[in-house]
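A quick write-up on the structure given underneath.
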Amino acid sequence: MVTENTTTDAKDFIQIKDLVKTFVSNKGETITALNGVNLEIPKGSFVSLIGPSGCGKTTLLRQIAGLAAPTSGGVFINGKKVTKPGSDRGFAFQQATLYPWLTIRDNISLGLRARHIYKEHAKDVDEFIETVGLKGFEKSYPHELSGGMNQRASLARALVGHPEILLLDEPLGALDAFTRMAMQDEILSLWKKYKTTMIMVTHDVDEALYLSDYIVVMKARPSKVESVIHVDLSYPRVRTQDVFVNYRKQILELLDFAGQVQEPEYYL
Amino acid sequence: MNTLKKFLPFLGVVITLAVHLLVPDSDEHPDAEKPYFAWILYFFLGATFFLGVLSLKVQKLGKYFERTGPFWFGTGVVVIFFNVVIGKLALIPVLFFPKFDNILAMFFEDGVLILKCILYSTRLLLTGLFFGTVVGFVTGVCLGFSAKTYYWLNPYIKLLGPIPATVWIPIALTIFDTPYAASVFIVALAVWFSIALMTSSAIQAVPNSYYEVARTLGASPAFQIFRVGIPAAMPSIFLGVFYGIISAFLALMTAEMFGAKYGIGWYIIWQKAMMVYSGVYAGLIVIAVYCTLTLTLLFKLRDKILNWQKGIVKW
Ligand SMILES: Nc1ncnc2c1ncn2[C@@H]1O[C@H](COP(=O)(O)OP(=O)(O)OP(=O)(O)O)[C@@H](O)[C@H]1O
Ligand SMILES: [Mg+2]
């Protein structure tokens, strides 16, 4: 169960304990991006993070990835505190961030090369290129492709190393509705196949409902976890399912409850 | 129309040759031993005609001459203009502005020496370029990646780097045993600064997100330096090489004026000292062709190494 209260004995969980992360802005003010987050994530679950822009979703993912040190508290994986990034945690960034000097194929296989396991996994690269629908573009450079194609390449780059935990920061944000739905199914089948623990940021309530076991609703100022919703529906889910309506209503109310003045960048 | 364009270079040579043969040279010019300029024009006459015919058959060549034909014709007009002003009418002092025959004579009669000078300069340029590039690149990489190195070294580099390399010549001559070694040092120094500067600033400008991606993929620090940081900085590093070569040309010509036995820079100074201005012009022509060829080669190399940049940056 994803819970807000931490228990220390569950070894297999990702545990986030009293996580605080503050930044000092250029003007010298302290920005609290995460104000005491507590979460437990079971192995193999699919968790979506949802909440208004600027509420700290990316910051939370970066903490799990170990890209930045926490101000206080911490993230524990299998009971071990996260201090630096590792290939056990794949990260698909909000911006595709492909290397412009590498072809799409070389970008996707970069992690395998960095870990000197490319030769054994060369077939995987082709498989994932196919999965994200980039077959025929292997030899293209990132600037020759559309933003959505780049984002899919970046997703493939994170997937190809078969990390235990996948951190996805709005991985489908730049895609059109049809590609998006197809990619959602791909992500689901990968999740099933490899039993990866998925933590995905999304602004799309329906996407969260279609994909996840648990939906973590976050609120801004102060940035905290507002509530965790267990989506107790079997897979494959039907997008037009009636029960979705109740869940959607619940989430939307929670987001309203967050008490925020509705900002223009609020995606609902 | 397009066929005409393909033969415009040929027509340019025809009128240049016609003017040259029909109008006699001014008596003020000393006569050359042989009609070298006419020889050259005959050669071009044949060459442009042959290329014109060939371009009717070969698509790529045809496209090239459709584009550049008018330019080559224009070049003929420019040559005629100078030939008339200098050779035919001697409107400007003949001592300083020799006619084409006399300039070309230097290549025909002094060719071996000129070739020797080119080889000598090339050896100096390549040696200096090699050391300057290697040391500059290593300096730049260290400054770019290591905050400590940057802290301790960069102030000195900022202070010493902008001094024109040639200013160090007197000091280099006392430090190194041979003038040749001193010249290599000066050329290397000229290259070193621009490469070190461009490399270090380019590496520092690499977006942090590039490294973050690499780290989440399990990349080692060495991988991050050699497979992420340096490739990302490559376009600017190349720009540093480009600027470096240009300052190397300058340093080369100046360095050769000190105790050198051969070299293009030396040749020009020597010819001027003897008041042989046709030799000075021959030297200038060599330098112009030489620098252009070097830079063209460099651009070709860049296109090979940085072919991913096509479409991002236009030079
Ligand atoms: N490196 C940083 N320096 C200063 N402030 C930062 C930094 N990173 C994030 N912040 C601040 O922390 C807060 C949370 O940012 P974060 O990127 O986590 O939001 P988010 O929930 O991912 O938003 P979005 O949905 O728009 O991506 C924001 O107010 C942001 O300004
Ligand atoms: Mg974000």
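The values are calculated or read from the model by the stated rules, or taken from the named source; none is laboratory data. What you see is a predicted model; the values in this text were computed from it and never measured. Cβ atoms come from the backbone with ideal geometry, glycine included; neighbour counts cover every protein chain shown. Ligands, DNA and RNA are stripped out before the accessible areas are found, and what is left, the full protein with its side chains, is counted by its heavy atoms. Shrake-Rupley method; radii C 1.70, N 1.55, O 1.52, S 1.80 Å.
A compact table of results
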item	result
Criterion: in a helix (DSSP H, G or I), touching a Ser or Thr at 6+ places or on another chain (Cβ under 7 Å) and more than 30 Å from residue A:97 (Cα to Cα) - qualifying residue of B:251, B:202, B:282	B:251
Qualifying residue in the stretch A:150-163 (condition: surrounded by fewer than 17 Cβ atoms within 10 Å (Cβ to Cβ), of a type in the set (Gly, Ala, Ser) and farther than 21 Å from residue B:308 by Cα)	no
Verdict on residue B:218 being on the phi > 0 side of the Ramachandran plot and either more than 30 Å from the chain's Cα centre (by Cα) or touching a residue at least 12 places away in the same chain (Cβ under 8 Å) (or both)	yes
Residues within the stretch A:40-63 that are open to solvent by less than 30 Å² (accessible area, probe 1.4 Å) and within 12 Å of ligand 1 (Cβ to nearest atom), tallied	11
Residue list for the stretch A:64-76, filter: assigned to a strand (DSSP E or B), open to solvent by 10 Å² or more (accessible area, probe 1.4 Å) and touching a Lys or Arg at 6+ places or on another chain (Cβ under 8 Å)	A:73, A:76
Residue selected from the stretch A:23-39 under the condition more than 12 Å from ligand 2 (Cβ to nearest atom) and among the aliphatic types (A, V, I, L, M), by the criterion most open to solvent (accessible area, probe 1.4 Å)	A:24
Residue under evaluation residue A:176, criteria (1) open to solvent by 40 Å² or more (accessible area, probe 1.4 Å); (2) farther than 28 Å from residue A:54 by Cβ, criterion not met	(2)
Residue in the stretch A:35-46 that is at the interface with chain B (Cβ under 10 Å from one of its Cβ atoms), of a type outside the set (Lys, Arg) and closer than 24 Å to residue A:229 by Cβ present	no
Selection from the stretch A:103-149 of residues that are open to solvent by less than 50 Å² (accessible area, probe 1.4 Å) and at positive phi	A:133
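Okay, residues lined up against (1) within 18 Å of residue A:62 (Cβ to Cβ); (2) under 15 Å from the mean Cα position of the chain (by Cα); (3) within 16 Å of ligand 2 (Cβ to nearest atom); (4) part of a helix (DSSP H, G or I):
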site: A:161; (1), (2), (3), (4): no, no, no, no
site: A:168; (1), (2), (3), (4): yes, yes, yes, no
site: A:171; (1), (2), (3), (4): yes, yes, yes, no
site: A:178; (1), (2), (3), (4): no, no, no, yes
site: A:181; (1), (2), (3), (4): no, no, no, yes
site: A:185; (1), (2), (3), (4): no, no, no, yes
site: A:188; (1), (2), (3), (4): no, yes, no, yes
site: A:192; (1), (2), (3), (4): no, no, no, yes
